[in-house]
Amino acid sequence: MQTSRTAAVDLYWIPLGAGGHSVRFNGRVFEAIEAARQHRERCDLYHAALIVELDGDRYTIEIAPSPNADEASRGVVAMGAVGSRYAGWLRLFRYEVRCLRGGSIPDLGEAVGPPRRLTSDPHVARRLLDLAPTVPTPVWGRDELDAGEMWNSNSVIAWLIATAGLPTDLLRPPPGGRAPGWFAGLEVARRSGAYERERAA
């Protein structure tokens, strides 16, 4: 079976809370507390999203609350608890990782700047899509994996990019911005890579 020679993996930086006032307000409160605690200026907060094009199809990869049991229609490939593992049995306290063919990201129009093209290699794009169901799903908003910061949507995107073998050193949110959770994803991916190399040795 012949596959397409063209592909694309694009990273978008979307302001936290775009299209949702409560999320934006809570994010500002969180950043104000963190900035005061770390004795630094406040930053704009961003969350990351991926769009993958492969074999003529377009896939959106994002993390969102779980509204109902119809996971298949949303392309849900993994789920985790929010705030507390014990509360995760309630749908209200669950998040889901979505990898949806033909999907759309509601607040994509709010993304700052053009997308960052991470690769045009179809093999890497396929590997990233195949990795989506294997992403770690620790408790959202906690540092359950001792990665140095809380796990969230940025952690998932960073983990996917790094685990797929794409460089991450130059990936940063727009100037004056911050992406909480990003480095947690990179750290967990680094550990996983070391573990796999040790097994192969």
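The values are calculated or read from the model by the stated rules, or taken from the named source; none is laboratory data. Please read all numbers here as calculations on a predicted model, not as lab measurements. All Cβ positions, glycine included, derive from the backbone under ideal geometry; neighbour counts span all protein chains shown.
For segment 123-180, which residues satisfy the criterion of being in a loop (DSSP other than H, G, I, E, B), out of contact with any helix residue (DSSP H, G or I) (no Cβ under 7 Å at 6 or more places or on another chain) and hydroxyl-bearing (S, T, Y)?
Within segment 123-180, just T137 meets the criteria.
Could you please tell me which pairs satisfy a Cβ distance under 9 Å, a separation of 6+ or placement on different chains, a first residue in segment 84-96 that is assigned to a strand (DSSP E or B), and a second residue that is modelled with pLDDT under 80?
Here the result reads R94/A87; R94/G88, each pair linking segment 84-96 to a residue that is modelled with pLDDT under 80.
Working carefully through the options G177, G193, G181, find the one that is out of contact with any Gly (no Cβ under 7 Å at 6 or more places or on another chain) and on the phi > 0 side of the Ramachandran plot. Talk me through it step by step, then tell me what you get.
Details: G177 fails: on the phi > 0 side of the Ramachandran plot; G193 fails: on the phi > 0 side of the Ramachandran plot.
It is G181.
Output the residues belonging to segment 86-99 that are buried (at least 16 other Cβ atoms within 10 Å of the Cβ) and under 13 Å from E71 (Cα atoms). Can you show your working first?
The initial filter retains those residues of segment 86-99 that are buried (at least 16 other Cβ atoms within 10 Å of the Cβ), namely 88, 93-99.
Correct list: R94, Y95, E96, V97, R98, C99.
Could you tell me which of the residues G109, G102, G185 is among the small types (G, A, S), surrounded by fewer than 18 Cβ atoms within 10 Å (Cβ to Cβ) and modelled with pLDDT of 90 or more?
Just one listed residue meets the conditions, G102.
Give the residues of segment 65-76 that are farther than 26 Å from L45 by Cα and surrounded by 13 or more Cβ atoms within 10 Å (Cβ to Cβ), sorted by residue number.
E71, G75
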